Amino acid sequence: MSEWYELSFGEDYLLVYKHRDFQGAKHEVQKMIAWLGLPKGAKVLDLCCGMGRHSMALVEAGYTVTGVDLSDVLLREAKGNDTAGHVKWYKADMRKLPLAGGFDAVVNLFTSFGYFETDEEHIQVLQEIARMLKPGGRFIIDFLNPAYTAAHLVPHSERVDEGQLISEHRCIENGYVKKTIDISKADSDLDGTTNQPRRYMERIKLYSKDDFAVMLERAGLVLEKVHGAYDEESYDPDTSPRMIMVGLRP
């Protein structure tokens, strides 16, 4: 049986999340560069790169970039956005990367963490980040802020896009934030057609800053600073929307 993350990052994902734009990625990359203190030409691994928005922004900013993702569909989109072939793209599971390492920085963005069942699997991802980094290399993990997420969770929302009704149900259950996405033809009731929705699930294990500090230490990484958003220098556990962790491999 396939895991949720093997099913959810396909063609419909491009529809559900098409509002994510390249301009926003450029702004986020400028903040990341400042936080990481990266010199031009530095080697950066975009771990779980998706459709390559941040990878391409890093290339534009003067860095040598490698992008890794598990989704064939998202990698296809990423390669389509990289017509000049600036980025090295790889398909891989983040728990076992087919790379030798030697990177100046690793970035893991937009809650591309917490996908698995056990803490050990998540520590395995952090160990791979450590293995990818040169000594002194730096990382960013951009994760949701659990308290803020719980306080602002919208249980249900609907919208129509490209003739498709997108219905999203969200809850927090057993230490996970879960989202069920149903996609169906918006006008099916009018034309009499059967309308069995296409259903996807997303599930993220909720980790606090303290949880991350323990797991990072086990992986041989040091947490130096946490930002509450790309426009927030400091992190407030109650009010910050994000938990953007910056650190290094000693």
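The numbers here are math on the coordinates, done by the rules we state, and not lab data. This one's a predicted model, so the numbers in the text were calculated from it and none came from an experiment. Using ideal geometry, Cβ is built from the backbone for each residue, glycine included, and neighbour counts are taken over all protein chains shown.
Structure values in brief
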quantity: Net length gained if the chain between LYS18 and THR239 were fully extended (0.36 nm per residue, minus Cα distance); calculated: 76.9 nm
quantity: Solvent-free Debye scattering, log10 I(q)/I(0), computed from the Cα coordinates of the chain at q = 0.08, 0.10, 0.13 Å⁻¹; calculated: -0.32, -0.50, -0.84
quantity: Set of lysines near LYS134 by C-alpha distance (under 17 Å), chain-local residues within fewer than 8 positions excluded; calculated: LYS40, LYS43
quantity: The chain, relative contact order in percent, only Cα pairs under 8 angstrom and at least six apart counted; calculated: 17 percent
quantity: For segment 106-250, the spread of Cα positions along each principal axis, largest first, Å; calculated: 63, 30, 28
quantity: Point-charge dipole on Cβ atoms (K/R +1, D/E -1) for segment 148-205, about Cα centre, debye to 20; calculated: 460 debye
quantity: Value at 222 nm in deg cm²/dmol, rounded to 500, when DSSP H runs of n ≥ 4 in the chain each add -39,500 (n - 2.57); calculated: -8500 deg cm²/dmol
quantity: For the chain, built as a Gaussian network whose Cα springs stay under 10 Å, the top-fluctuating residue of HIS54, HIS86, HIS122; calculated: HIS86
quantity: Segment 95-193 - share of DSSP beta bridges that are antiparallel (%, nearest 5); calculated: 75 percent
quantity: Mean Cβ count within 10 Å, highest first, over the residues of peptides 28-34, 5-11, 95-101, 41-47; calculated: 41-47, 28-34, 5-11, 95-101
quantity: Sequence of GLU202, GLU60 once ranked by neighbouring C-beta atoms within 10 Å, starting from the fewest; calculated: GLU60, GLU202
quantity: Dipole of the chain, positive end: most advanced residue of TYR148, ALA34, PHE103 [Cβ charges, Cα centre]; calculated: PHE103
quantity: Nonlocal amide H pairs with GLN164, under 5 Å, H built at 1.01 Å; calculated: ALA186
quantity: Eligible lysines near LYS179 by straight Cα distance, threshold 27 Å, same-chain separation 8 or greater; calculated: LYS18, LYS91, LYS96, LYS205, LYS209
quantity: Computed FRET value (nearest 0.05) for LEU7 with LEU99, which takes r as the C-beta separation and R₀ as 25 Å; calculated: 0.50
